[in-house]
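Below is one structure; the comments refer to it alone.
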Amino acid sequence: MPKITFIGAGSTVFAKNLLGDILGFPELASSTISLFDIDAERLHTSEIVARKIASTLGANPTIEATTDRRRALDGADYAICMIQVAGYKPGTV
């Protein structure tokens, strides 16, 4: 199964939407999902959400969360970069 790395996974809403799409495909339901973010607290929230989405969809991925970018990318078949330049403040605000 492929390893899919989310760079900037602390963007929980964006990660949630992508995970729902990805894990909804039977071919990807057993993938390794590697969540990476520099903000450990937001990363933890996204990890909880990822596990709930997987459970709801009946998917069985391996979910890992790390603040170590190299670890997250090691062996990745796909990397999705979902960072926001300027961050939430002032970028969104």
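With respect to Ala54, determine if the residue is on the phi < 0 side of the Ramachandran plot, crowded, with 16+ Cβ neighbours inside 10 Å, in a helix (DSSP H, G or I) and touching a Pro at 6+ places or on another chain (Cβ under 7 Å).
yes
So Glu27 fits all but one of (1) modelled with pLDDT of 95 or more; (2) over 13 Å from the mean Cα position of the chain (by Cα); (3) part of a loop (DSSP other than H, G, I, E, B); what number is the exception?
(3)
Within region 1-24, can you find the residues that are touching a residue at least 12 places away in the same chain (Cβ under 8 Å) and part of a helix (DSSP H, G or I)?
Thr12, Phe14, Ala15, Lys16, Leu18, Leu19, Gly20, Ile22, Leu23
Looking at (1) open to solvent by 40 Å² or more (accessible area, probe 1.4 Å); (2) over 12 Å from Gln84 (Cβ atoms); (3) modelled with pLDDT under 95; (4) not small (Gly, Ala, Ser), which one does Thr12 not meet, given that it meets all the others?
Among (1) open to solvent by 40 Å² or more (accessible area, probe 1.4 Å); (2) over 12 Å from Gln84 (Cβ atoms); (3) modelled with pLDDT under 95; (4) not small (Gly, Ala, Ser), Thr12 violates only (1).
Condition first: in contact (Cβ under 8 Å) with a residue 24 or more places away in the chain, β-branched (Val, Ile, Thr), open to solvent by 40 Å² or more (accessible area, probe 1.4 Å) and part of a helix (DSSP H, G or I). Now tell me which residues in region 33-51 satisfy that.
Passing the criteria: only Thr45.
Could you count how many residues in region 57-90 are under 13 Å from the mean Cα position of the chain (by Cα) and either part of a strand (DSSP E or B) or at pLDDT 95 or above (or both)?
Of the residues in region 57-90, 15 are under 13 Å from the mean Cα position of the chain (by Cα) and either part of a strand (DSSP E or B) or at pLDDT 95 or above (or both).
If I ask for residues that are among the polar types (S, T, N, Q) and closer than 17 Å to Glu27 by Cα, which ones from region 1-15 would you list?
Residue satisfying the conditions is Thr5 alone.
Pairs please, first residue from region 63-80 and hydroxyl-bearing (Ser, Thr, Tyr), second anywhere and open to solvent by less than 50 Å² (accessible area, probe 1.4 Å) and in a strand (DSSP E or B), Cβ atoms under 8 Å, 6+ apart in sequence or on different chains.
Final answer for the pair search is Thr66/Ser34; Thr66/Leu35; Thr66/Phe36; Thr67/Phe36; Tyr78/Lys3; Tyr78/Ile4; Tyr78/Thr5.
Taking region 57-93 as the region of interest, how many residues are of a type in the set (Phe, Trp, Tyr) and either surrounded by fewer than 11 Cβ atoms within 10 Å (Cβ to Cβ) or in contact with a strand residue (DSSP E or B) (Cβ under 9 Å, 6 or more places away or on another chain) (or both)?
Of the residues in that region, 1 qualify.
The values are calculated or read from the model by the stated rules, or taken from the named source; none is laboratory data. Note that the structure is a prediction, hence the values are computed from the model and not measured. Please note: Cβ atoms are built from the backbone with ideal geometry, for glycine as well, and neighbour counts cover all protein chains shown. Calculation scope for accessible area: heavy atoms of the full protein, side chains included, ligands and nucleic acids excluded. Shrake-Rupley method; radii C 1.70, N 1.55, O 1.52, S 1.80 Å.
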